[in-house]
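A short worksheet on the structure shown next.
Rule-based calculations on the coordinates, nothing more; no lab input. All values derive from a computational prediction rather than experimental measurement. Cβ placement follows ideal geometry from the backbone for every residue including glycine, while neighbour counts extend to all protein chains displayed.
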Amino acid sequence: MIQPLMRALLVTPILTLLILSLPAGRLRSADLYREPYRPQFHFTPATNWMNDPNGMVWYEGEYHLFYQYNPFGDRWGHMSWGHSVSRDLLHWEALPLALPEEGGVMIFSGSAVVDWKNTTGFGKEGHPPLVAIYTGHYTERPLQNQQIAYSTDRGRTWTKYAGNPVLDIGEKDFRDPKVFWHEPTHRWVMVVSWPVHRQVRFYASPNLKEWTHLSDFGPAGSTTGIWECPDLFPLRVDGAGGGSRWVLTVNVGSGAPGGGSGCQYFVGDFDGTGFHLDPTYPTAPGAPGLWADRGRDFYAAVSWSDVPSRDGRRLWLGWMSNWEYANDVPTAPWRSAMSIPRELGLRRLPEGLRLTQRPVRELATLRGPRLRFGGGSLEAANRWLDRVGLHEGGFEMRVALPAASHGIQGLRCYAGEGEEVLIAIDRDQGRLSVDRSKSGHRSFNPRFSGVTTAPLADPGAAHQLHLLVDACSVEVFLDDGVQVLTTLVLPSPGARRIEAFGAPRLSSIEAWRLASTWR
Ligand code: FRU
């Protein structure tokens, strides 16, 4: 139910802007976070439309999260950068709009860096500036080019550079710059997408203002859809003596395994000029390509820049939606959430080097007491699940399934009258699946319903499912994050049962209720 105040907010942009400039405490007291599908531990804007995460950067103890935002409505439009900051990746403080659409130029996706050496000259009194590098999208002519803006007050206020654009090749589609400092060549490197060519382009700059073309990568992997929102970063290979590799992530507008938009990745080497695929990367014609997350709802993921080296993690999150239906998802007065922030890894498997993702360790700070089922029959597990009643709020669960040569085992969550989200390990078909074709609201878009799957490298083995369940999403991490399926669900109010099925015995279940980050 939308309260009358909320309805007024939806139709009154000026009021919306007023609310956005209120401190977070005031928002909470206005009960903005009690709508039925409002995520309790995932990031959402208080009101209106959001898509891609942008400008992810860590500076002076704060993780900045900017995002594609429409200040005037709950569908895509008037793209600007919204802004929030967090010290723990979970509790977010809403800040005023950082970069508004202006003069016929929308602010499309991009990145932000700390200009430690003040190469731009924007710094003041020994303090490095934060510099945002984004795409200017012209509404009156077919043009996208790269622009910059800077802040000298910890990201609180931003100034668009008077010399914009800083990179213009006269193209209609040329967007989503991700910039990082490349120490060996002592210069800035930009990876930016050339969507209709199914390519990313690399550029270098001494000062973020003048850019030189280095090379291009692609087409490769999945080329059905346009290429958007690339990222490029080194990751250590898990285990001793593994060295490190560069991972290039490229989001595709359509043709992802679950249908619609999704996030693919390449593993290789970046030599300061170009990206070269690892010899183990599957390049044969018809090779499936590699996907960061085979769920329907993980897009435009980008990683945080400048996470201190003493921390050493590569962290990212994605937009938890899909362009096939994003504008129709029936939530109000907000639309779209981000995935849980995840730590990235690279693991050597028999089939090659694979990206892994796990929820950030900070999530454990939201946990209530550990609830544990120490193993036993399916009936005993289900009695235990009934008793603990996890679906009263957000929760986290780890389920250990013993090895089995055949059959389908798993969990039903958000289950009720004719309704369920089915999470299954299918030994016969060798896959993990999440099926929302019987879950709550689906009719708002014919493409929403359906099943997503990820292959199991060893179907008969013991497997572990790690679930994060919030008010409108289920994230499933398989076997320490070798596969991830991120799925939006809109369960009916009565569908709150959770039960195990298929396995005669379960090795163990561990679960934690997760505290709401709004309280
Ligand atoms: C990806 C995307 C980007 C673009 C932005 C516009 O979801 O299409 O390529 O910069 O959204 O909102």
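Our note on the geometry: Cα centres of region 139-198 and region 445-519, 37 Å apart.
Projected label points at residue 351 and residue 153, each 7 Å from Cα along the beta carbon direction, are separated by 5.2 nanometres. As a length-normalised measure over Cα pairs under 8 Å and 6 or more apart, the relative contact order of the chain settles at 13 percent.
Database remark: amide H of residue 59 closer than 5 angstrom to the amide H of 64 (H placed geometrically; neighbours at sequence offset of 5 or more, or on other chains; Pro and chain starts carry no H).
In this structure, the amide hydrogen of residue 457, modeled 1.01 Å from its nitrogen in the peptide plane, lies closer than 5 angstrom to no residue at least 5 positions away or on a different chain. Taking the average, over residues, of other Cβ atoms within 10 Å as the packing measure, peptides 500-513, 476-489 rank 476-489, 500-513 from highest down.
For the chain, lysine pairs with C-alpha atoms less than 21 angstrom apart, excluding pairs fewer than eight positions apart on the same chain, total 9. The amide H of residue 450, built 1.01 Å from its N in the peptide plane, has 436, 437 as neighbours under 5 Å, considering only residues 5 or more places off or on other chains. The gain in end-to-end length when the residue 505 to residue 186 segment is fully stretched comes to 109.1 nm, 0.36 nm per residue minus the alpha carbon separation. Residue ranges 254-266, 290-302, 118-130, 172-184 sort as 290-302, 254-266, 172-184, 118-130 when ordered by packing (mean number of other C-beta atoms within 10 Å per residue, highest first).
So, with +1 on the Cβ of K and R and -1 on the Cβ of D and E, and no other charges, what is the size of the charge dipole of region 268-404 about its Cα centre, to the nearest 20 debye?
580 debye
Packing-based ranking of 371-377, 187-193, 108-114 yields 108-114, 187-193, 371-377, ordered from highest to lowest mean Cβ neighbour count within 10 Å. All Cα-Cα distances of the chain, cut into 20 Å bins from zero to the largest, leave 23, 57, 19, 0 percent in each bin in turn. Remark: region 401-415, residue by residue, has Karplus-estimated 3J(HN,Hα) of 9, x, 4, 7, 7, 8, x, 10, 10, x, 9, 10, 10, 6, 9 Hz, where x stands for each Gly or Pro and the curve is 6.51 cos²θ - 1.76 cosθ + 1.60 at θ = phi - 60°. Secondary-structure-derived ellipticity at 222 nm for the chain, considering helices only, amounts to -1500 deg cm²/dmol, per-run term -39500 (n - 2.57) for DSSP H runs with n ≥ 4.
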